[in-house]
Amino acid sequence: MTAVAAARFPSTEESRRTSFVGMVMALASWSMMFGGLFFAYAILRLKAGTWPPDGVAPLPRLLPLANTLVLLFSSYVLHRGVRKEADARPGALLGALKATLALGSVFLVLQLAVWVPLWRSGFRIDSGIYGSIFYGLTVFHALHVLAGLAALLVLVPGARSGRLRSGAQSRVRVSAMFWHFVDAVWVVMFVAVYLL
Amino acid sequence: MADTTHLRRLYAGADFHAEQHIHPEPTSFVSRYVFSMDHKVIAKQFLWYGLAFLALGGTMAMMIRWQIAHPGTAFPVLGELLWPESGGVMPPQAYASFFTMHGTLMIFFAITPILIGAFGNLLIPLMIGARDMAFPTLNMLSFWTNVLAGTAMIVSFFVPMGAAAGGWQSYPTLSTLAGQPGAGQTLWIAGVFLTGSASIMGAVNYITTVVRLRAPGMGYFQMPLSVWGIWLTAILNALFVPVLAAGVLLLFLDRTFGSHFFLAGAAVTKGGGDPILYQHLFWIFGHPEVYILILPAWGIVSDLLSFFSRKPAFGYKATAISMSVITFLSMVVYGHHMFVVGMSPLLSQGFMTLTMLISIPSAVFFLNWLGTMWRGAIRFATPMLFSVGVVFVFGLGGLTGLHLGAISSDIYLHDSYFVVGHFHLTMAASVLLGAFAAIYFWFPKMFGKMMNETLGKWHFWLTIVPITVVFCGMLVVGYGGMQRRLYNTDAYAFLQHLHPVNVWVTRAALFLGASQFLFVVNFLSSLVAGKKASENPWEVGTLEWTVPSPPPHHNFDEIPLVVNGPHEFSHPEVKGKDWLAQNEPIRSETEPAARAAAGS
Amino acid sequence: MHNWPFSWLPPADVSQDGWRADGLFWYTTTLGAIAFTLVVLALAWSAWKYRAGPGARALYTHGTDRKSFAVTGVLAALVFVTIDMNLVRISERDIKEATYEWPTAPDTIRVEVMPQQWAWNFRYAGPDGVFNTADDVVTFNELRVPAGHPVMLNLKAKDVIHSFYLPNFRLKQDANPGTVTRSWFKALKTGDFEIACSQMCGWAHYKMKGDLIVLNDADFSRWMKEAEGDAKRRYDPGDKEQMWGWEWLQ
Ligand code: HEA
Ligand code: HEA
Ligand code: CUA
Ligand SMILES: [Cu+2]
């Protein structure tokens, strides 16, 4: 959304800073929402005593771990595509966008591969507090991944036509920031929900 | 300070106009008045929107009062229309959703749109010398998201089982399917989530605008206190509304997808959740929220007191800093709303002490307000009357906060009318009067017409008197032991002797409601027939008064160069007039360029 | 004087510790009133004395000189020390002496309270002194306690949050679904008093009323004997609903 607004300004250094400040504030705000969710998780877990509660089998870890690596890698790829130096290499941004979109989709597919068997095995959102937290947090995050993918997708035409070249342009930069944010949230979630 | 050449040199490098180039004024009706991106138009949209909800919420308040004073009798006219089947008498279910929606609408859809939506939008760019908000599209989206939210709230009145009825805090498990099976509560969640998103969009925009678009020379400590207040509010909005969003999101999951975040107790088959968790999430947001509501009012009043005392704001910096300190403290005191839920004593004691700390900065700017009037040359125009009124009722509201902040007395006063009196004195009195002051003061700049002073003064006196009676009366019955949210008091013998007080509170409330028509009449008639407003009718120096009323689409032909603070009144070196515009160097004759910029 | 028809004072305090809330209330009110009077006097005086006459000109000061800072600082500090710090001090004392000082004396009456929409259930442990057993004494909307003995409560709500409120004791404690909360009081007078619900709990919240009956020792033990008698008779092992109690939380 910030990207849209920022686009109203010519991409001078001044307006780049402005949309950067705006996006930082937006992400701070977003972090507080996820912060609230993690807070809820912490309280419920402290209250439960034994974890996982009511004899639920512990969650799989291998796939989620793989997924974490996928997202981290996607962030790395995207970063290389949007940093200033990429300006020089035409097509660098387009390539990075495509790769990131692919990796992001892989993440969602793998998420399904985690959810479906669990759901089939009778571990559902309504089967106790553990299920509520697991599905509540991971699905809500997945929706953000979708949003992130959409934000990157709309950049593709510009990148193909060469109108968008690199993170020097606010639209590219803020979308990339959002993607990194979503990845960062996932890392925390992976540690909190699967490992701890 | 007269010589501004160093400033010019200082800002020669920065390229303000490249960013704030003048957008051509939109021509089509839709892009101009409906989906407008002009902060001045959006401000007007928010003002109408908020006033409409104020009228609705106020009318509901009148019926609430009627029910308390005259249980079992029909509210004149409206009663028969709304509840024909009960002969016009408000049924208990309706009462519950009335106070729930009254609170929700007043806070999120009346006060927030008026003070933050309307005046935030109008004042930030004009007062800091910018051509518009940093993100005009986001600004437009913010308003229309809010309209969507308001629609959800209105619709919820007409669904089966009616609107939400679990209190404006909507504590689970009452707000889960267990207690509120109807669609009303779900719509309430949707509405709160949407209006929250709208607030966050606005907040991000406001913060960025203040950080990035201040005119050259406009340091943070040259900003009018109104901007300070709105800016701090925006920061709280951006950081704490998301926590409420998280809370209602989980509540939504519990209601629609059968999760168990807040479910517990023998009545629900599968427990394991924690209803108290919601209270934490709610109040982590909820306490900052009350300062979100009052910080703009504090800022505006601080400015107006100085403007009409024709005297620089006393201890300007101290006031700005105390408001910032309160903003910070408001993040760490929320537990004082939960003294009786069974929190650990240690936590309660911590929250009590932190709560008490707030009265230090409060006392500081309170005293600065008095200091500003002291030895001034006070002009009692309507906005000034309302500002002084704010100081008066906020003293009452704030001091009653202390009764509630101390655990031993709060255990008795919690969830009593004492709390209701406290928060109406702060919100419904201080903030509402602050909003009126702002409307009377900036109406000329917004609409280019003056409001009627005589009607305005009458409106003030016929409001301040009953409003004090109403809410102090609530304090009285509160200490008398009356719980809040009572459909009627007949069930309890220990409340009978309070009935006379309740009757008088209701009379005063109806009087209060009636006197608001003076405002409606004044507002509407001034719109059409008010006398033309000059560029600077109040003779003050902040930047919005250096441009025509109403300002052109792009606000400033040339981005002003700020050389003074916002409150340069009665400067000994200034002859002929007693005020200095923020961009007006003292020895104007030596600064033709600046005089042009000042538009004088 | 509380029953004088037009009085607005709270109902008579018949508890050992109710005076604490009342005392602190009036203490705060007095200090607040003084502060507020000063503020209003200053306000009115400035408003009158400095209203703009013809050619009146304000004093040009930003109040940033040392003296102004000193005055503001001192007054603010004064307010904090004389008002706030004392409120905290008194509250801390009350907490230490009463609020969270759970009674342990052998004569303590222990009662489990389970509010529901819209009524009060009470449970006494019975002869075996263990809760949720066959011999428990269970009452409905009626809590009987002896005067002069501490009464310790465990509260847990059945459905939604309620709040156990004894106006005559200046006492209030939420009862939540799922977790047990605690509270205690000691009655000094015998008589019938009202139990009110002070937390919004649905449309009938306003009439969720119970009775607190404070008896002298003799009457209380007589009543308890009878109650234990028909508790045995009433007990029905088949009825799970009946066993809503929980393990006592000291
Ligand atoms: C604009 C809104 C607003 C404001 C500004 C405040 C301000 C304060 N509030 Fe209020 N409060 C609410 C809105 C507000 N409140 C609402 C809505 C609720 C109830 C929500 C609900 O349950 O529905 C609530 C409830 C509430 C509670 C919970 C009560 C309960 O539920 O049991 C508490 C408890 O500590 C509290 C405390 C305070 C304090 C200490 C302040 C302090 O900020 C006050 C500081 C001000 C002063 C101390 C007075 C000014 C200073 C002077 C007069 C100077 C002193 C004199 C000299 C220098 C001579 N408030
Ligand atoms: C800022 C918020 C705000 C405001 C302004 C008000 C205003 C008023 N409130 Fe409100 N109230 C709350 C917030 C507010 N309230 C909240 C949060 C609750 C708690 C809800 C809960 O328990 O869950 C509450 C609860 C509450 C109760 C307790 C109900 C109960 O516990 O049983 C009562 C009872 O008397 C009451 C009365 C009033 C009255 C008489 C006013 C009067 O001040 C109203 C006077 C105003 C008007 C009559 C409007 C006039 C109209 C205009 C000026 C518009 C002009 C229009 C155009 C120009 C188009 N309120
Ligand atoms: Cu039970 Cu209110
Ligand atoms: Cu608070």
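Within the stretch B:418-435, is there a residue that is within 16 Å of ligand 1 (Cβ to nearest atom) and in contact with a Lys or Arg (Cβ under 7 Å, 6 or more places away or on another chain)?
Narrowing the stretch B:418-435 to residues within 16 Å of ligand 1 (Cβ to nearest atom): B:418-435.
So of that shortlist, the ones also in contact with a Lys or Arg (Cβ under 7 Å, 6 or more places away or on another chain) come out as B:419-420.
Yes, because at least one residue in the stretch B:418-435 is within 16 Å of ligand 1 (Cβ to nearest atom) and in contact with a Lys or Arg (Cβ under 7 Å, 6 or more places away or on another chain).
Residue check: is C:Leu87 facing another protein chain (nearest Cβ under 7 Å) and in contact (Cβ under 8 Å) with a residue 60 or more places away in the chain? Outline the logic, then answer.
Values: facing another protein chain (nearest Cβ under 7 Å): yes; in contact (Cβ under 8 Å) with a residue 60 or more places away in the chain: yes.
Considered against the rule, which asks whether it is facing another protein chain (nearest Cβ under 7 Å) and in contact (Cβ under 8 Å) with a residue 60 or more places away in the chain, C:Leu87 comes out as yes.
Give the stretch B:323-352 a look and list any residue that's within 11 Å of ligand 1 (Cβ to nearest atom), of a type outside the set (Gly, Ala, Ser) and outside any loop (DSSP other than H, G, I, E, B), or say none.
Taking the stretch B:323-352 first, the residues within 11 Å of ligand 1 (Cβ to nearest atom) are B:326, B:329-330, B:333-341, B:348, B:351-352.
Imposing the further condition that a residue be of a type outside the set (Gly, Ala, Ser) reduces the set to B:326, B:329, B:333-334, B:336-341, B:351-352.
B:Ile326, B:Leu329, B:Tyr334, B:His336, B:His337, B:Phe351, B:Met352 - these are the residues of the stretch B:323-352 that are within 11 Å of ligand 1 (Cβ to nearest atom), of a type outside the set (Gly, Ala, Ser) and outside any loop (DSSP other than H, G, I, E, B).
I'd like the full set of residues that are touching a Ser or Thr at 6+ places or on another chain (Cβ under 7 Å) and either more than 26 Å from C:Ser163 (Cβ to Cβ) or surrounded by fewer than 23 Cβ atoms within 10 Å (Cβ to Cβ) (or both), limited to the stretch B:476-486.
B:Arg484
State which residue is nearest to B:Met343 (Cα to Cα) when the search covers only the stretch C:63-122 and only residues that are among the β-branched types (Val, Ile, Thr) and surrounded by fewer than 17 Cβ atoms within 10 Å (Cβ to Cβ). Outline the logic, then answer.
Taking the stretch C:63-122 as the starting set, the residues that turn out to be among the β-branched types (Val, Ile, Thr) are C:64, C:71-72, C:74, C:79, C:81-83, C:88, C:90, C:95, C:99, C:104, C:108-109, C:111, C:113.
Imposing the further condition that a residue be surrounded by fewer than 17 Cβ atoms within 10 Å (Cβ to Cβ) reduces the set to C:64, C:71, C:74, C:81-82, C:104, C:108.
Working: C:Thr64: 44, C:Val71: 39, C:Val74: 35, C:Val81: 27, C:Thr82: 28, C:Thr104: 21, C:Thr108: 23 Å.
So the residue we want is C:Thr104.
Exactly one of (1) within 14 Å of chain C (Cβ to nearest Cβ); (2) within 15 Å of ligand 2 (Cβ to nearest atom) is unmet by B:Gln496. Its number?
Among (1) within 14 Å of chain C (Cβ to nearest Cβ); (2) within 15 Å of ligand 2 (Cβ to nearest atom), the lone unmet condition for B:Gln496 is (2).
Taking the stretch C:193-212 as the search range and keeping residues that are facing chain B (nearest Cβ under 7 Å) and touching a Cys at 6+ places or on another chain (Cβ under 8 Å), which one is nearest to B:Ala178 (Cα to Cα)?
By that ranking, first place goes to C:His205.
Among (1) touching a Gly at 6+ places or on another chain (Cβ under 8 Å); (2) surrounded by fewer than 24 Cβ atoms within 10 Å (Cβ to Cβ); (3) within 19 Å of B:Tyr291 (Cα to Cα), which single condition is B:Gly182 missing?
Result: B:Gly182 fails condition (3) only.
Please count how many residues of the stretch C:158-178 are at the interface with another protein chain (Cβ under 7 Å from one of its Cβ atoms) and outside any strand (DSSP E or B).
Total satisfying the criteria: 8.
I'd like the full set of residues that are assigned to a loop (DSSP other than H, G, I, E, B) and either hydroxyl-bearing (Ser, Thr, Tyr) or touching a residue at least 24 places away in the same chain (Cβ under 8 Å) (or both), limited to the stretch C:201-223. If you could, list the steps in order and put the result at the bottom.
Initial filter on the stretch C:201-223 (assigned to a loop (DSSP other than H, G, I, E, B)): C:201-204, C:208-209, C:216.
C:Cys201, C:Gly202, C:Ala204, C:Met208, C:Lys209, C:Asn216, listed by residue number.
Looking only at the stretch C:90-122, which residues are in a helix (DSSP H, G or I) and facing chain B (nearest Cβ under 9 Å)?
Initially, the stretch C:90-122 is screened for residues in a helix (DSSP H, G or I), giving C:90-99.
Result: C:Ile90, C:Ser91, C:Glu92, C:Arg93, C:Asp94, C:Ile95, C:Ala98, C:Thr99.
Considering only the stretch B:343-362, state which residues are without any contact (Cβ under 8 Å) to a residue 40 or more places away in the chain and at the interface with another protein chain (Cβ under 7 Å from one of its Cβ atoms).
B:Pro345, B:Thr353, B:Ile360
Return the total of residues in the stretch A:16-36 being basic (Lys, Arg) and more than 7 Å from every other protein chain (Cβ to nearest Cβ). Give the derivation first.
Initially, the stretch A:16-36 is screened for residues basic (Lys, Arg), giving A:16-17.
Add one more test, that the residue is more than 7 Å from every other protein chain (Cβ to nearest Cβ), and what stays is A:16.
Looking only at that region, the number is 1.
State all residues of the stretch B:400-414 that are out of contact with any Ser or Thr (no Cβ under 8 Å at 6 or more places or on another chain) and facing another protein chain (nearest Cβ under 7 Å); if no residue qualifies, say none.
Kept after step one, since they are out of contact with any Ser or Thr (no Cβ under 8 Å at 6 or more places or on another chain), are these residues of the stretch B:400-414: B:400, B:404, B:410, B:412-413.
Result: B:Tyr412, single match.
Here is a yes/no grid of residues against (1) surrounded by fewer than 22 Cβ atoms within 10 Å (Cβ to Cβ); (2) within 12 Å of another protein chain (Cβ to nearest Cβ); (3) away from ligand 4 (no atom under 16 Å from the Cβ); (4) free of Cβ contacts under 8 Å to residues at least 24 places away in the same chain:
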position	(1), (2), (3), (4)
B:Tyr278	no, yes, yes, no
B:Phe285	no, yes, no, no
B:Leu295	no, no, no, no
B:Gly299	no, no, yes, no
B:Leu305	no, yes, yes, no
B:Lys311	no, yes, yes, no
B:Gly315	no, yes, yes, no
B:Met331	yes, yes, no, no
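Just checking, which of C:Asp217, C:Asp192, C:Asp174 is farther than 20 Å from C:Gly126 by Cβ and either within 16 Å of ligand 1 (Cβ to nearest atom) or in contact with a Pro (Cβ under 6 Å, 6 or more places away or on another chain) (or both)?
Values: C:Asp217 fails: farther than 20 Å from C:Gly126 by Cβ; C:Asp192 fails: either within 16 Å of ligand 1 (Cβ to nearest atom) or in contact with a Pro (Cβ under 6 Å, 6 or more places away or on another chain) (or both).
The conditions single out C:Asp174.
Look through the stretch A:131-178, keep the residues that are crowded, with 22+ Cβ neighbours inside 10 Å and β-branched (Val, Ile, Thr), and return whichever of them is modelled with the lowest pLDDT.
Selected residue: A:Val172.
Can you find, within the stretch B:508-532, the residue that is surrounded by the most Cβ atoms within 10 Å (Cβ to Cβ) among those that are within 26 Å of the chain's Cα centre (by Cα) and more than 23 Å from B:Trp66 (Cα to Cα)?
Within the stretch B:508-532, the subset within 26 Å of the chain's Cα centre (by Cα) is B:508-527.
With the extra rule that they be more than 23 Å from B:Trp66 (Cα to Cα), the set shrinks to B:521-527.
Details: B:Val521: 13, B:Asn522: 23, B:Phe523: 21, B:Leu524: 11, B:Ser525: 14, B:Ser526: 21, B:Leu527: 14.
Within the stretch B:508-532, the match that is surrounded by the most Cβ atoms within 10 Å (Cβ to Cβ) is B:Asn522.
Those residues that are assigned to a helix (DSSP H, G or I) and surrounded by 20 or more Cβ atoms within 10 Å (Cβ to Cβ), I need them from the stretch B:487-496; list them, please.
Within the stretch B:487-496, the first condition is being assigned to a helix (DSSP H, G or I), and the residues that meet it are B:493-496.
Answer for the stretch B:487-496, where residues must be assigned to a helix (DSSP H, G or I) and surrounded by 20 or more Cβ atoms within 10 Å (Cβ to Cβ): B:Phe494, B:Leu495.
The values are calculated or read from the model by the stated rules, or taken from the named source; none is laboratory data. Not measured: the values here are computed from a predicted model. With ideal geometry, Cβ positions are generated from the backbone for all residues, glycine too; neighbour counts draw on all protein chains shown.
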